[in-house]
Amino acid sequence: MINEDPFIFITARLKSQRLKKKIILPIGKLNLISLLILNLKKEFKSKNIVLITSNNFKDKPLIKIAKKNKINFFCGEPNDVLKRIYKASKKFKLKNVLSCTADNPFVSSKYAKKLYDYHVRYNYDFSTNDLLPLGAFCYCLKVDALEKVVSIKGTSFTEIWGDYFKKIKIFNCGKYKQIPKKYQIPKLRLTVDYIEDYNFINTIYKLTNKKVPSFEDIMSVIFKNKSLINFNKNMIQKKLHKLVLKKKFNKLLK
């Protein structure tokens with residue numbers, strides 16, 4: 001077993017355009033982000049779950065949610081998510097950190113913990129378990145590698161940032177594959193970007209009859225009610241941003 005005490009960051013803002021304030025939409029007696037927090041508490045200590053949001057006044061309600069759920073929070077750059085993750089990592093004096101987003105209430109806490117152990121054991125710079133459905137997986141980062149990315153990127157708009165590790169030659173990336181075949185459905189959408197996604201998530205949640213269903217509970221419902229996938233199967237995921245590096249570092253791109 002890995003001796004390091006894992007931290008997981010929840011990237012969260014209230015600026016969504018397609019589905020307004022989606023991360024605080026109701027789901028049962030909770031809201032999306034509170035459900036995610038309770039889900040993560042199954043595997044992570046409360047003090048090691050950190051909501052990282054912006055210092056924009058519009059995001060202040062998220063601080064109240066963090067306090068209510070007794071987890072840590074950090075406020076940083078509104079648009080530069082990579083820099084926000086980096087500064088939060090330094091504040092908590094971390095060597096490695098897991099990262100997920102608040103619009104994914106069914107992130108698998110179990111496989112997040114397995115990913116962390118795998119990442120640290122093999123000393124990767126960046127790791128993912130993205131064989132899981134979209135919205136169930138997360139990323140794991142080495143903070144030293146994150147510092148390098150922050151120093152060589154050429155933009156402050158880094159909302160979608162995974163390729164800064166995957167497409168730059170100097171980073172050693174890992175992929176956790178010890179996931180049951182039945183859960184390897186990367187095209188399945190368990191994320192919330194559109195009203196169709198929200199309806200899908202809400203319907204599945206109700207069918208579990210549990211306040212905080214696990215990823216396995218969610219998948220069990222889907223396997224029994226496959227027609228539900230029609231709710232959101234045609235939704236289009238955000239396109240990846242073009243990587244922007246400082247000119248002298250462009251030679252590092254694969």
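Taken together, the values in this text are just the output of simple stated rules run on the coordinates, not laboratory data. Computed from a predicted structure; not experimentally measured. All Cβ positions, even for glycine, are placed from backbone atoms using ideal geometry, and neighbour counts span all protein chains on display.
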Using the Karplus curve 6.51 cos²θ - 1.76 cosθ + 1.60 with θ = phi - 60°, what ³J(HN,Hα) values do you get for each residue of segment 225-233, in whole Hz, with x for Gly and Pro? 9, 4, 5, 4, 4, 5, 4, 9, 5
When His241, His119 are ordered from fewest to most other Cβ atoms inside 10 Å of their Cβ, what list results? His241, His119
Entries in Lys70/Lys95; Lys181/Lys210; Lys113/Lys247; Lys90/Lys169; Lys167/Lys206; Lys68/Lys91 that, when Cα-Cα distance is taken, lie over 29 Å: Lys113/Lys247; Lys167/Lys206
Rounded to the nearest 500, what is the 222 nm mean residue ellipticity of the chain from helices alone, with -39500 (n - 2.57) per DSSP H run of 4+ residues and division by all residues? -9000 deg cm²/dmol
If the chain between Lys95 and Asn234 were fully stretched, how many nm would it gain, using 0.36 nm times the residue separation less the Cα-Cα distance? 46.1 nm
Of the candidates Ser151, Val97, Pro186, the farthest towards the positive dipole end of segment 8-186 (Lys/Arg Cβ +1, Asp/Glu Cβ -1, centred on the Cα centre) is Val97
How big is the chain in terms of Cα radius of gyration and Dmax, in angstroms? 17.5, 55
Determine the dipole magnitude for segment 8-186: charges of +1 sit on the beta-carbon of Lys and Arg, -1 on that of Asp and Glu, nothing else is charged, the reference point is the Cα centre, and the result goes in debye to the nearest 20. 520
Taking θ = phi - 60°, what integer Hz values does the Karplus form 6.51 cos²θ - 1.76 cosθ + 1.60 yield along segment 76-86, in sequence order, with x for Gly and Pro? x, 4, x, 9, 8, 5, 4, 5, 5, 4, 4
Given Cα pairs under 8 Å that are at least 6 residues apart, what percent is the relative contact order of segment 57-203? 27
Could you check how many percent of all C-alpha pairs in segment 67-160 are farther apart than 22 Å? 31
Shape call for segment 97-227, from the Cα gyration tensor axes a ≥ b ≥ c (a/c under 1.5 means rounded, otherwise prolate when a/b beats b/c, else oblate), comes out prolate
List every residue whose amide H lies under 5 Å from the amide H of Phe73, counting only residues 5 or more places away in sequence or on a different chain, with H placed 1.01 Å from N in the peptide plane. Leu51
Which one of Gly76, Cys173, Asn202 is farthest out on the positive end of the charge dipole of the chain, using unit charges on Cβ (Lys, Arg +1; Asp, Glu -1) and the Cα centre as origin? Gly76
Normalising by the residue count of the chain, find the relative contact order in percent from Cα pairs under 8 Å and 6+ residues apart. 20
Cys residues of the chain with no disulfide-compatible partner (no other Cys Cβ under 4.7 Å) are Cys75, Cys140, Cys173
For segment 1-101, take every pair of Cα atoms, bin their distances at 10 Å starting from 0, and report each bin as a whole percent. 15, 50, 30, 5, 0
Amide H of Asn96 versus every other amide H placed in the peptide plane: which residues, excluding those fewer than 5 positions away on the same chain, fall under 5 Å? Val143
Given labels modelled 7 Å from the Cα in the Cβ direction, how far is it in nm from Asp117 to Ile160? 3.3
May I ask for the distance between the Cα centers of segment 1-47 and segment 91-109, given as a whole number of Å? 8
Whole-Å distance, taken between Cα centres, linking segment 132-150 and segment 205-237: 25
Enumerate the calculated ³J(HN,Hα) couplings along segment 7-21 in order (Karplus 6.51 cos²θ - 1.76 cosθ + 1.60, θ = phi - 60°), each rounded to whole Hz, writing x wherever the residue is Gly or Pro. 10, 10, 9, 10, 7, 8, 9, 10, 9, 3, 9, 6, 9, 4, 6
